[in-house]
Protein chains: 2
Amino acid sequence: MLENIRIVMINTFHPGNIGAAARALKNMGLSQLWLVDPVEYPHDEAESRAAGAKDLLDSARVVSTVEEAIADCQLVIGTSARQRSFDQPLMDAEQAALMVADEARNGQVAILFGRETMGLTNEEMMLCHRHLFIDANEDYPVLNIAQAIQLVCYELRRASRQIDTLPEPAPYPRQQEMVLFYEHLEKVLRRTRFIIPQHEGRVMDKLRRYFNRTRPEKAELGMLRGILTSVEEVLDTPTTDKH
Amino acid sequence: MLENIRIVMINTFHPGNIGAAARALKNMGLSQLWLVDPVEYPHDEAESRAAGAKDLLDSARVVSTVEEAIADCQLVIGTSARQRSFDQPLMDAEQAALMVADEARNGQVAILFGRETMGLTNEEMMLCHRHLFIDANEDYPVLNIAQAIQLVCYELRRASRQIDTLPEPAPYPRQQEMVLFYEHLEKVLRRTRFIIPQHEGRVMDKLRRYFNRTRPEKAELGMLRGILTSVEEVLDTPTTDKH
């Protein structure tokens with residue numbers, strides 16, 4: 001189960017943090033480290049701080065975009081400081097870990113960590129289904145990124161010991177399927193003129209936030225796509241045949 | 001309550017680990033960092049890794065011996081890998097944190113961390129009332145020391161949120177009072193010839209382990225010392241007056 005969880009580090013500045021993170025993962029029994037556009041990598045400092053976890057560094061996936069890192073995932077969790085004004089439900093590390101451990105029995109789950117200086121961007125946060133915060137001292141709540149990763153992996157390990165008694169989790173679609181759905185949805189909404197070029201607003205953002213929060217299961221997504229297709233069929237029918 | 005907990009780092013080799021530990025403490029709301037005979041300190045690397053926790057470094061207590069660091073403490077926890085052959089009860093970080101948080105409402109508690117290479121010595125482990133282990137991957141259970149400290153501080157913060165409903169903790173004696181008691185005990189046991197020079201064995205070690213595990217409260221310790229004193233009075237009485 002823990003092997004289905006990927007820790008994604010985006011734009012990491014210090015290679016030492018990457019090495020320390022690799023060790024933190026292996027110490028807790030995780031194995032998937034993904035690096036999105038790391039600033040300096042590979043680097044001796046990463047190897048040095050990885051200590052006995054060099055194998056995790058060697059098998060780390062290095063990609064250019066976050067989208068590549070999460071395409072296969074059914075659940076994406078973003079880590080953030082508490083005060084972010086988004087609709088995605090905010091959970092502490094312990095609660096989030098239970099949710100992750102539950103779904104990781106069946107599919108891939110990604111947990112995103114941002115830059116040392118500024119965390120995740122708004123766009124990256126919006127790709128997430130849930131936001132995770134680590135309860136910390138209000139006077140100094142900013143943890144070193146490898147330390148934050150250590151805490152999250154620790155909670156994941158703890159959660160993994162507890163989830164065996166839960167019922168089978170629902171089958172969720174992968175992120176890539178959601179991306180195709182959003183493209184399909186936008187195309188149809190433009191055709192129905194729910195989205196008009198002059199007043200695009202943030203309709204798609206709001207819809208993505210809605211679906212990220214409510215999370216259609218595979219079968220439900222199938223129905224939604226079927227609905228979109230039926231609307232397209234009406235749109236494609238020559239006017240005299242429309243009811 | 002958290003301010004009554006001291007994190008004690010013994011013989012730390014890398015100053016970077018000291019700085020990272022200071023940050024880990026402050027992030028979780030702790031403030032007492034004690035350094036016993038650090039190998040390289042002060043050092044720029046400690047300041048650098050402490051980031052926004054330099055104030056904790058500045059107020060860190062640097063001492064030469066563990067005994068100095070724990071003299072005022074009523075509870076001393078040693079961190080160790082799981083397989084240590086001692087009698088002190090072994091608890092995971094979560095359980096230990098509840099015990100620490102409970103007693104830190106009333107007195108000082110110390111948590112000892114050892115050297116990067118080898119942890120705590122047997123002698124240091126024997127000064128402890130309880131041993132704490134962090135559940136980790138059997139294939140690679142050795143955490144970086146600052147990461148281990150981060151996890152323990154995280155559990156302490158979590159425990160601090162839960163202990164308000166517990167009844168008042170028992171009043172325990174400070175380590176320094178126990179040290180005086182052991183000296184008194186050994187003196188009397190030599191006089192009664194329970195300990196004889198030719199066969200000293202590990203009597204005092206075993207007795208210390210017994211008292212560390214069972215932990216007499218202040219009033220109970222008072223009774224034990226009273227018993228020792230009464231024995232000494234018998235020993236001091238000239239032979240014709242003994243019954």
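The values are calculated or read from the model by the stated rules, or taken from the named source; none is laboratory data. Everything numeric here is computed off the predicted structure, so don't read it as measured data. Don't worry about glycine lacking a Cβ; one is built from the backbone with ideal geometry, like all the others, and counts go over all protein chains shown. For accessibility, only protein heavy atoms count, side chains too; no ligands or nucleic acids. Shrake-Rupley method; radii C 1.70, N 1.55, O 1.52, S 1.80 Å.
Taking 2.2 N^0.38 Å as the expected size of a compact globular protein, what ratio does the Cα radius of gyration of the protein assembly as shown give against it, to two decimals? Write down the numbers at each step before the final one.
Numbers: Rg = 28.8 Å, N = 486, 2.2 N^0.38 = 23.1 Å.
Against the compact-globule rule of thumb, the ratio is 1.25.
In chain B, Rg over Rh equals 1.04, where Rg is the alpha-carbon radius of gyration and Rh the Kirkwood radius from pairwise Cα distances.
For segment A:82-220, with all protein chains in place and a probe radius of 1.4 Å, 50% of the accessible heavy-atom surface sits on carbon or sulfur. Looking at segment A:17-123, the DSSP beta bridges with both ends there are about 10 percent antiparallel. Each residue of segment B:143-156 is assigned a 3J(HN,Hα), and the resulting list reads 7, 4, 4, 5, 5, 4, 5, 4, 5, 5, 5, 4, 5, 5 Hz, derived from the Karplus form 6.51 cos²θ - 1.76 cosθ + 1.60 (θ = phi - 60°), x at Gly and Pro. By DSSP, the beta bridges lying fully in the protein assembly as shown are antiparallel in about 5 percent of cases.
What the Cα atoms of segment A:1-67 give is an Rg and a Dmax of 10.7, 31 Å.
Karplus-derived 3J(HN,Hα) values for segment A:166-173, using 6.51 cos²θ - 1.76 cosθ + 1.60 with θ = phi - 60°, are 6, x, 4, x, 5, x, 9, x Hz; glycine and proline are entered as x. Note on chain A: antiparallel DSSP beta bridges, both residues inside, total approximately 5 percent of the bridges counted.
Across all directions, the average flat footprint of the convex hull enclosing the Cα atoms of segment A:1-121 is 7.2 nm².
Interface residues of segment A:125-148, defined as those with an accessible-area decrease of at least 40 Å² between the chain by itself and the complete set of protein chains (probe 1.4 Å), are A:Asp135, A:Asn137, A:Tyr140, A:Gln147. Rounded, prolate or oblate, given the Cα gyration tensor of segment B:163-228, with a/c below 1.5 counting as rounded? Prolate, because a/c is 1.5 or more and a/b exceeds b/c.
Association of chains A and B removes close to 2700 square angstrom of accessible area from solvent, both sides included, for a probe radius of 1.4 Å. Ordering A:Leu30, A:Tyr41, A:Ile227 by the projection of their Cα atoms onto the charge dipole of chain A, which places +1 on the Cβ of Lys and Arg and -1 on the Cβ of Asp and Glu, puts A:Ile227 at the extreme positive end.
Per residue, how much accessible area does segment B:1-152 show when a 1.4 Å probe rolls over the protein heavy atoms, in square angstrom?
38
Taking a ≥ b ≥ c as the square roots of the Cα gyration tensor eigenvalues, with a/c under 1.5 meaning rounded and otherwise prolate when a/b beats b/c, else oblate, which class fits segment A:121-243? Oblate, since a/c reaches 1.5 and b/c is not below a/b.
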